[in-house]
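Remarks on the structure that follows.
The values are calculated or read from the model by the stated rules, or taken from the named source; none is laboratory data. None of these values were measured; they are calculated from a predicted model. As a convention, Cβ positions derive from the backbone with ideal geometry for all residues, glycine included, and neighbour counts pool all protein chains shown. Quick note on the areas: whole protein, heavy atoms, side chains included, nothing else; ligands and nucleic acids left out. Shrake-Rupley method; radii C 1.70, N 1.55, O 1.52, S 1.80 Å.
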Amino acid sequence: MNDRTRHLKFSFNFPGRRLTVRWLLPIFLILLFLTTLLWLPWQAQRMESNERQEQLIADTLWVEQAIRFQLGSDEESLRQIASEVASGYLSGPRLRERLTTLMRNNRELSRIVRQDADGNILASTDDAPSARLDLSARSSDAAQHARQTRAPQYSQPAPTPPPNGPMQMDFHVPLYNGEHYIGSLVASYQMGNILDQMVPWWFAQDNEISLSGDDDTIIVRRAAGGLGRGVYTHSHLMELPGATLTLHTNSIKSAPKLLPNLLVGSVVVLSLGLLWSLWALWRDINRRLAAEGALRQQVSFRIAMENSLLTGLRARDLDGRITYVNPAFCQMVGTPAEQLIGKLPPMPYWAPEAMYEYRERFAKVLAGTVTPQFETIFQRANGERFPVLIFESPLVDDSGKHTGWMGSILDISDRKRVEDLNRQQQEKLQASARLASMGEIASTLAHELNQPLAAISSYTSGALNILNGEAMQSGQVDPGILRSALENANAQAQRAGQIIRSVHAFVKKREPIRESVRIQSLIEGVIPLIEMQAHQFFVGIQLDIEPGLPPVNADRMLLEQVLFNLTRNAVEAMQTVAPERRILRVQATLDKTSGATARVVVAVIDCGPGIPREIAERLFSPFFSTKAEGMGMGLNICRTTIEFHGGTLTHAANPAGGTIFTFSLPVAVESEGSTDASTRPY
């Protein structure tokens, strides 16, 4: 070593080693790297926290303005209605219809009540069972204050009866006719509905929202995306006339993670600081890290995806041995993965009663054929059975070789429960439709019974007059006259009894029963109900039933309801036509041209104005009705009932004016049983 080199080198003594000047720059870069590594992530985390907090405040203010706007819109609508009520323009059915429309368009409202000056209920949207409105103490105070100030007032939220019921806030609008107080409008808000209807779903998914009263007690809370973490919170006061609410938001987001920022910073600083001195080593390490990072990312992504799935995954080799199961499958069957992987049939999740089915399907798997989709039953570790839907497909490796089978398993217990619940609800809807029809014919029932009862009274009075007259005393009474009067009285009594029996059978609730039913007998059974509707609107009835029609295998009560609904619609459609055109025709024929199975076709024909094309497209849609007070379920129920019996329900224009509704049913097969109590329409 020459003198020049000796003067350019310095030595620093460290325990066990000596560092020359050429290592000072790498050491400095490392220290700079560590300093930056600590400062940059902290600064990024702080900036991200501030941004999240500011965004939360802005979103909270926006939500508060949205709630205020909707409440203000409701207030304006109620003031308008109150003005029309005070002027006498709105009352009775028109008022109830107006209130119902407001409720339907503003779902945050739970009830609107019109009270008189004494607090008695004159109109209500929920058919209040009591004559007076049961108000909480806070609501009563708000009502008194509104009356004194002649200005609408909100009440502080209070629980509804019974005690500890849902929190409710009432809005009182006093009504004055000049200087005289004539009552008030009371609009009730369920506090839960305010958050559910007025807070956007995207905001509720990211934040826990709550409302508190003047005593800072939480009234209602909405946590659609989970409970708040308490990291980002904001509260905003909402001043309403007579009430004070505070809107609280608590984000479900946690504080920004520090680790991702450290990883990014380390890669950048390390690549720049050590490039000149450790280029070769860094390049090799960087390549290795990149490959390992990609592999780790793919493995992590695959594991995260499989762990987050609700669908169970199961892989089997060509011998049927389980090679892979995901956590969802293990949770589904209640058995850990280590007890399943490597297992050959029989499997621990096979139910003993379905063992033959499992073995048969497993034999098909070994033969190289599988059913792509099928339903079966699995057994949990605790012995509980549950239905599953399995999708099976071949498992192919990267070289295209068939190595086994991959199955996707879905637990369909909830779907089965929903299907059962839907079937039960449809059955209740059938009964409700019959009761609704009963309400419509109740008004005409008295009129129809008065006729036979009046005839019976006339015939019996005439017979008594004959028996008490002088002709009886002289022995000159003609027995034929008495017999005719008594026979006529008996016929009228039979008619009255038939009407009552028809109504009782129509509304009677029972389980659907399949039996052999003749269409002629069906029409004759429901004709008294049809006549009551027809007489009310002066509609004539014409029956055209082909003789000798074969029976159909159906539920008699359900078909009677279909026929009654169709004829009732036909009668109501002819209210506006000329009296001489009000003819209702019911035809029943046998159709042998619709395939191998003959069908009985029933047509209900009216002479009304017909159905416009735009209405015909939605005629069978649920909850669509052209009637002001209709539920929109009648024709939908009719079509579902006919399709349950294997038939079809259609409609067409009547060439003579009006509409023809036609339903067809397959003829009953003699080999089938006459009754199937287990068959349900839904």
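For the stretch 411-419, check the following and say yes or no: at least one residue is modelled with pLDDT of 60 or more, open to solvent by less than 50 Å² (accessible area, probe 1.4 Å) and β-branched (Val, Ile, Thr).
Looking for residues that are modelled with pLDDT of 60 or more, open to solvent by less than 50 Å² (accessible area, probe 1.4 Å) and β-branched (Val, Ile, Thr), one finds at least one in the stretch 411-419, hence yes.
Name, by its number, the condition in (1) at pLDDT 90 or above; (2) under 24 Å from the mean Cα position of the chain (by Cα); (3) of a type in the set (Lys, Arg) that does not hold for Arg639.
(1)
If we keep just the residues of the stretch 542-582 that are under 41 Å from the mean Cα position of the chain (by Cα) and of a type in the set (Val, Ile, Thr), which is nearest to Arg518 (Cα to Cα)?
Val552
Filter the stretch 205-219 down to residues that are of a type in the set (A, V, I, L, M, F, W, C) and buried (at least 19 other Cβ atoms within 10 Å of the Cβ) and give me whichever is modelled with the lowest pLDDT.
Ile219
Hey, among Asp141, Asp127, which residue is at pLDDT 85 or above, of a type in the set (Asp, Glu) and open to solvent by 30 Å² or more (accessible area, probe 1.4 Å)?
Matching residue, one of Asp141, Asp127: Asp141.
Any idea which residue in the stretch 144-195 is modelled with the highest pLDDT, counting only those that are assigned to a loop (DSSP other than H, G, I, E, B), touching a strand residue (DSSP E or B) at 6+ places or on another chain (Cβ under 7 Å) and surrounded by 13 or more Cβ atoms within 10 Å (Cβ to Cβ)?
This residue is Pro152.
Looking only at the stretch 97-107, filter to residues that are open to solvent by 80 Å² or more (accessible area, probe 1.4 Å) and out of contact with any helix residue (DSSP H, G or I) (no Cβ under 7 Å at 6 or more places or on another chain); which one of those is nearest to Ile121 (Cα to Cα)?
It comes out as Glu97.
State the number of residues belonging to the stretch 238-269 that are among the aliphatic types (A, V, I, L, M), surrounded by 18 or more Cβ atoms within 10 Å (Cβ to Cβ) and modelled with pLDDT under 70.
Residues that pass the stated criteria total 1.
How about the stretch 321-335: which of its residues are open to solvent by less than 90 Å² (accessible area, probe 1.4 Å) and out of contact with any helix residue (DSSP H, G or I) (no Cβ under 6 Å at 6 or more places or on another chain)?
Arg321, Ile322, Thr323, Tyr324, Ala328, Phe329, Met332, Val333, Gly334, Thr335
Could you go through the stretch 604-611 and let me know if any residue there is at pLDDT below 85 and more than 21 Å from the chain's Cα centre (by Cα).
Within the stretch 604-611 (the criterion being at pLDDT below 85 and more than 21 Å from the chain's Cα centre (by Cα)), the answer is yes, since at least one residue qualifies.
Determine whether Ala328 is in a helix (DSSP H, G or I) and either of a type in the set (Phe, Trp, Tyr) or at pLDDT 80 or above (or both).
So Ala328 fits the description; yes.
Could you grab me the full set of residues in the stretch 512-554 that are part of a loop (DSSP other than H, G, I, E, B) and within 16 Å of Arg568 (Cβ to Cβ)?
Within the stretch 512-554, Phe537, Phe538, Val539 meet the criteria.
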